[in-house]
1. Mind listing the phi-derived Karplus ³J(HN,Hα) values for region 194-209, rounded to whole Hz, using 6.51, -1.76 and 1.60 with θ = phi - 60°, and x for any glycine or proline?
2. 222 nm [θ] for the chain, helices only, -39500 (n - 2.57) per DSSP H run of 4+, per residue, to 500?
3. Using a 1.4 Å probe on the protein chains only, how many percent of the accessible area of the chain belongs to carbon and sulfur?
4. Amide H neighbours of Ile478 under 5 Å, counting only residues 5+ apart in sequence or on other chains, H built in-plane at 1.01 Å?
5. How big is region 387-430 in terms of Cα radius of gyration and Dmax, in angstroms?
6. Explain nothing, just compute: Karplus ³J(HN,Hα) = 6.51 cos²θ - 1.76 cosθ + 1.60, θ = phi - 60°, for every residue of region 74-80 in order, whole Hz, x for Gly and Pro.
7. List, largest first, the extents of the alpha carbons of region 158-254 along their principal axes, each in whole Å.
8. Out of residues 5 or more away from Tyr661 or on other chains, whose amide H comes under 5 Å of its own, with H placed 1.01 Å from N in the peptide plane?
Amino acid sequence: MHKFVPAVLFACGLCSPLAVAAADTADPRLWLENVDAKDALAWVGARNSESTAALESRPDYAARRQQLADIFNSKQRLVHVGQIGDRLYNFWQDAEHPRGVWRRTTLAEYRKAQPVWETVLDLDALGRSENAPWVWKGAQCLQPAGDRCLVSLSRGGGDAVEVREFDLASKAFVADGFKLTEAKSRVEWIDRDSLLVGTDFGADSLTDSGYPRVLKRWKRGTPIAAAETIYAGQKTDVSVAGWSDQTPGFERQFVERSPGFFTNEVFEIRPDRLIKLDKPDSAELRVWREHVLISLRDDWNVAGHRYPQGALLAMPFEQFKQGKRDFEVLFAPDAHTALQGFVTLRHGVMLEVLDKVRGRLLELVPGAQGWSRRTVAVPDSGTAKIAPLNPMQSDAYLLTTSDFLTPATLWLAGLGTDKRQKLQSLPAFFATDGLAVEQFEAVSRDGTHVPYFLVMRKDAPRDGNLATLLYGYGGFEIALEPGYNPAVGAEWLARGGAYVLANIRGGGEFGPAWHAAALKEKRQNAYDDFIAVAEDIVRRKITSPAHLGIMGGSNGGLLVGAVMVQRPELFGAVVCQVPLLDMKRYHLLLAGASWVAEYGNPDEPAEWAYISKYSPYQNYKPGTKYPRTFFVTSTRDDRVHPGHARKMAAQMLADKQNVLYFENTEGGHAGAADNAQRARMWAMAYEFLDMSLK
């Protein structure tokens with residue numbers, strides 16, 4: 001699937017202690033940014049001991065943790081697959097395989113109730129043999145041959161990976177094959193004996209954001225040092241990457257330079273030169289067989305036409321390169337709809353669309369008279385997600401449908417028909433009898449109507465005493481959709497709580513404009529929206545501040561940190577996960593520089609003027625009574641620096657606030673590396689909410 005964000009959410013190495021020490025010394029807690037320093041780890045150890053003593057000793061904790069482990073390890077989880085060659089591959093973790101197995105089966109087996117699987121790579125066995133805490137980060141495979149893959153492995157779950165060539169026939173790593181040491185690598189096959197590689201090539205090969213700046217062509221049997229440079233970007237870019245089309249008859253490679261998080265330039269790699277493709281820098285371009293597909297983040301006025309923001313355009317690729325611009329509009333948004341992404345099949349393109357934050361699917365097929373369009377029948381109350389099986393050769397795809405109260409169901413479907421085979425459904429991990437879903441709108445400070453979903457018992461008294469969990473994100477054009485979440489259901493709804501999902505600005509629920517409404521100097525709009533939702537559920541007497549908890553991770557961690565500081569009296573508890581919090585220094589830490597297009601540059605006085613008004617770390621007011629807060633992060637998070645959570649927690653603890661802090665030693669930006677760690681982390685979070693709100 002193509003999500004319309006630049007491909008820069010890959011590895012970033014840990015911040016150098018020397019670089020941290022040389023930075024702004026005015027911050028008395030700067031030493032906590034030294035990730036593996038003894039004094040910092042001692043502080044973490046002490047905080048972890050306090051949190052585990054407070055939460056893991058509670059009467060319900062052990063049962064809650066076991067229930068979550070059972071959910072995460074359930075043999076009845078949906079089995080999503082991708083096709084490589086003539087086999088279907090899946091990565092699977094459970095209690096017997098905590099780090100997981102990469103396995104395969106045939107399509108005929110997969111369609112059975114109990115498929116027989118063949119193990120291809122056992123990560124637990126590999127970790128034991130190499131004495132390394134390997135975490136699976138995926139495989140890039142040669143198509144359509146389907147016999148070789150580039151497997152990415154992370155130590156402890158961070159974004160930085162080691163890449164090794166793997167032979168699928170022998171189920172073994174290739175002894176003299178392609179291999180890259182741990183780095184923020186991005187690799188693509190050109191053919192069996194050559195790759196496009198962006199990695200840490202040494203001095204001056206990375207951008208200020210910590211991503212590859214240089215793209216090279218690496219031929220089998222030669223050292224990486226001898227790889228041929230194809231393109232070099234600027235140090236100030238976010239990243240440079242290569243991508244390839246391996247479709248038989250349409251083989252081609254491209255360079256993608258991303259000057260900013262939401263801008264990119266695309267070059268086709270020709271034998272003797274690079275050809276820059278003429279498109280708006282904010283637009284995303286992909287190729288599919290003889291077509292070019294362009295998604296617009298902004299309006300595009302070209303050749304006498306105005307193509308609207310949020311549209312998806314198509315035309316023959318060769319005509320596009322010749323300068324023609326008479327596109328066919330495959331999708332144009334309206335006030336209620338937004339394109340979330342698309343997948344290509346052998347003979348058509350499938351679009352995922354949100355309509356009033358509910359999933360819809362559209363099918364488009366090119367023909368002699370233009371593109372035909374068909375709405376695919378899916379349930380109208382939740383999400384609908386698609387993944388192709390073998391898009392080069394097949395029109396088959398997997399369809400996943402769910403909503404808040406309906407367990408996710410996996411279907412085998414195909415282009416041109418609504419007939420499909422039901423493969424699996426999740427079991428009912430929690431009882432839904434008596435629960436109801438409603439969608440409301442809150443009115444934000446500037447008058448904008450902000451939708452949100454409320455899930456609660458129909459018979460719950462609306463007297464303001466219901467423990468309620470409000471979740472939000474509001475950034476990077478990422479939409480929060482109504483889907484089945486067994487952990488929320490079993491650990492919160494089934495225990496009598498209400499759950500609220502806020503679709504605030506900054507997200508992608510209504511396309512690029514909804515996102516742009518909270519960019520940079522408009523960031524406060526996202527926080528005003530979240531506050532408006534909180535006030536609305538209080539006004540409706542669903543809950544009251546003493547019983548209202550908020551939760552968010554990453555950019556959502558920044559969200560809950562900001563609103564906690566701005567409106568401490570409105571919330572009873574805060575769960576702040578892998579957060580950004582020190583927005584004065586965020587761009588200096590790990591991948592932070594890549595997000596300047598989202599937040600602004602704090603080194604620019606005009607931009608710090610608006611960032612400084614909401615940055616949680618700088619806006620903390622000693623002596624103010626803040627809600628109970630639980631910070632969760634990971635030592636091995638090499639995307640958002642754990643120093644954010646460490647420093648904010650230390651600041652609040654010094655002010656005698658009611659704060660707990662837990663830092664997992666593994667897990668990367670996900671916070672956990674296996675299901676046992678996930679169960680522990682989430683059990684602690686729900687125990688904290690119970691302790692604080694009920």
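1. Coupling constants for region 194-209: 8, 10, 8, 10, x, 7, 7, 8, x, 3, 6, 9, 10, 7, 4, 7 Hz.
2. Values: 14 runs with 131 residues, N = 694.
Calculated at 222 nm, the ellipticity per residue is -5500 deg cm²/dmol.
3. Details: 13310 of 26180 Å².
Reported share for carbon and sulfur atoms: 51 percent.
4. Gly508
5. For region 387-430, the Cα radius of gyration and maximum Cα-Cα distance read 12.1, 40 Å.
6. Listing the rounded values in order: 4, 5, 9, 5, 5, 10, 7 Hz.
7. Projected onto its principal axes, the Cα set of region 158-254 covers 42, 32, 26 Å.
8. Amide H to amide H, under 5 Å and 5 or more residues apart or across chains, Tyr661 pairs with Ser51, Phe631.
The values are calculated or read from the model by the stated rules, or taken from the named source; none is laboratory data. Owing to the predicted nature of the structure, the values given are computational and were not obtained by experimental measurement. With ideal geometry, Cβ positions are generated from the backbone for all residues, glycine too; neighbour counts draw on all protein chains shown. Note: areas computed on protein heavy atoms with side chains; ligands, DNA, RNA excluded. Shrake-Rupley method; radii C 1.70, N 1.55, O 1.52, S 1.80 Å.
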